[in-house]
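The values are calculated or read from the model by the stated rules, or taken from the named source; none is laboratory data. All figures in this text were calculated on a predicted structure; none of them were measured in a lab. Using ideal geometry, Cβ is built from the backbone for each residue, glycine included, and neighbour counts are taken over all protein chains shown. Each accessible area value is taken on the protein alone, full model and side chains, heavy atoms only, with ligands, DNA and RNA left out. Shrake-Rupley method; radii C 1.70, N 1.55, O 1.52, S 1.80 Å.
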Amino acid sequence: MKRLFKSVVALIAAFSTVGCCSEGCADAQLSKEDAVLETIMTRRSIRDYKAEPVSREQMAKVIECGIYAPSALNLQPWAVRVVDAPDFIDGVTAIAVAQQPELKDDPTFRNIFRNASTVAFVACPEVSYSGEYDCGLLSENMMLAAWSMGIGSCCLGSVVPIMMSDEAKPYLDRLQLPEGYKLMVGIAFGYPEGDVPTAPERDASKAYYVE
Ligand SMILES: Cc1cc2nc3c(=O)[nH]c(=O)nc-3n(C[C@H](O)[C@H](O)[C@H](O)COP(=O)(O)O)c2cc1C
């Protein structure tokens, strides 16, 4: 009798656990969705950073999320080079300042990468099926992953002409991009300094259903 009672109790417990689990799973699903939406909607381009570079452990996760982006035919037509070497950051900055001395007018200016101490350079083949598009997807994956980890980022198209200038050739060479690849963008990564900016206005009329 005692054994039967124990079995019934165990059975009831098992059923109630199943009930809880399915509710719990729904909650987990909801919070996963919330977390993704929250990350997408709150990410902003961060234009000032604390001096310390992003930990390499965290950047490894960011890069991994980048390369899990979709790419046409899974060609993965990107080359990503992460730099946190101060002599690289300072060297490219010195070249930029020589080209644009007014950069120094900003008293908060530390470097040309919006003061970030970690920069990812993203390159794609000069000729490819959808290399630029795929690199964009990779870049956004990296920036969103970073944001979800408390790391700010900013795409920097402005560093491309500097990196492509003759004076910066030694730094471009250090990236060891594959033959036939072009530099698309630099992405600053770092721990945000100061307040997160509000989102620049979006034009909702650019996307709509067609009946
Ligand atoms: C390809 C690309 C290049 C960009 N280049 C620069 C840049 O050189 N300097 C900069 O401050 N922001 C740059 N941005 C950031 C945009 O200005 C920013 O994404 C846009 O104003 C929207 O703001 P949000 O990112 O905070 O939503 C770039 C963004 C993209 C996608």
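With the full set of protein chains in place, find how many percent of the accessible area of the stretch 56-190 is carbon and sulfur; take the probe as 1.4 Å. Please list the in-between numbers first.
Values: 3670 of 6700 Å².
Within the stretch 56-190, the accessible surface is 55 percent carbon and sulfur.
Could you please report the charge total around C135, scoring K, R as +1 and D, E as -1 over all other residues with beta-carbon less than 15 angstrom from its beta-carbon? Walk me through the numbers on the way to the answer.
Working: positive: R81, K182; negative: E126, E132, D134, E140.
My count for the surroundings of C135 gives -2.
Ordered by residue, what ³J(HN,Hα) values in Hz, to whole numbers, does the stretch 169-180 give under the Karplus form 6.51 cos²θ - 1.76 cosθ + 1.60, where θ = phi - 60° and Gly and Pro are x?
3, x, 6, 4, 4, 4, 6, 6, 5, x, 3, x
If I stretch the segment between S45 and V127 completely, what's the gain in nm (0.36 nm per residue apart, minus their alpha carbon distance), one decimal? Intermediate results must be reported in sequence, preceding the final value.
On the way: separation 82, 0.36 × 82 = 29.52 nm, distance 2.89 nm.
Result for the pair: 26.6 nm of gain on full extension.
What does the net charge come to around Q176 if you take all other residues with beta carbon closer than 15 Å to its beta carbon, with K and R at +1 and D and E at -1?
Numbers: positive: R81, K169, R174, K182; negative: D173, E179.
Residues close to Q176 contribute a combined charge of +2.
State the extension gain, in nm to one decimal, for the chain segment bounded by A98 and M149, taking 0.36 nm per residue of separation less the distance between their alpha-carbons. Please report the intermediate quantities before stating the final value.
Numbers: separation 51, 0.36 × 51 = 18.36 nm, distance 3.52 nm.
The A98-M149 span can extend by a further 14.8 nm.
Could you work out the helix-only [θ] at 222 nm for the chain, with each DSSP H run of four or more residues adding -39,500 (n - 2.57) and the total divided by the number of residues, to the nearest 500 deg cm²/dmol? Spell out each step's value before the answer.
Values: 6 runs with 97 residues, N = 211.
After summing the helix terms and dividing by residue count, I get -15500 deg cm²/dmol.
Could you list, bin by bin from short to long, the percent of Cα-Cα pairs of the chain in 10 Å steps?
8, 26, 29, 17, 8, 6, 4, 2, 1, 0
What FRET efficiency comes out for Q176 versus Q76 if R0 is 22 angstrom and r is the Cβ-Cβ distance? Round to the nearest 0.05. Intermediate results must be reported in sequence, preceding the final value.
Details: r = 17 Å, r/R0 = 0.79.
For R0 = 22 Å, the calculated efficiency reads 0.80.
Given a 1.4 Å probe and the protein chains all in place, what does the accessible area of E52 round to, in Å² to the nearest 10?
About 100 Å², rounded to the nearest 10.
Give the accessible surface of the chain per residue, rounded to a whole number of Å², with probe radius 1.4 Å and ligands, DNA and RNA excluded.
Working: 13430 Å² over 211 residues.
That works out to 64 Å² per residue.
Could you calculate the FRET efficiency of D105 with A85 from 1/(1 + (r/R0)^6), where r is the beta carbon distance between them and R0 is 35 Å, rounded to 0.05?
Numbers: r = 27 Å, r/R0 = 0.76.
The value I calculate is 0.85.
If you take the square roots of the eigenvalues of the alpha-carbon gyration tensor of the stretch 161-211 and sort them as a ≥ b ≥ c, do you get rounded (a/c under 1.5), prolate (a/b over b/c) or oblate?
On the way: a/c = 3.45, a/b = 1.65, b/c = 2.09.
Oblate, because a/c is 1.5 or more while a/b does not exceed b/c.
Ignoring everything but the protein chains, give the 1.4 Å probe accessible area of M149 in square angstrom, nearest 10.
Answer for M149: close to 60 Å² accessible.
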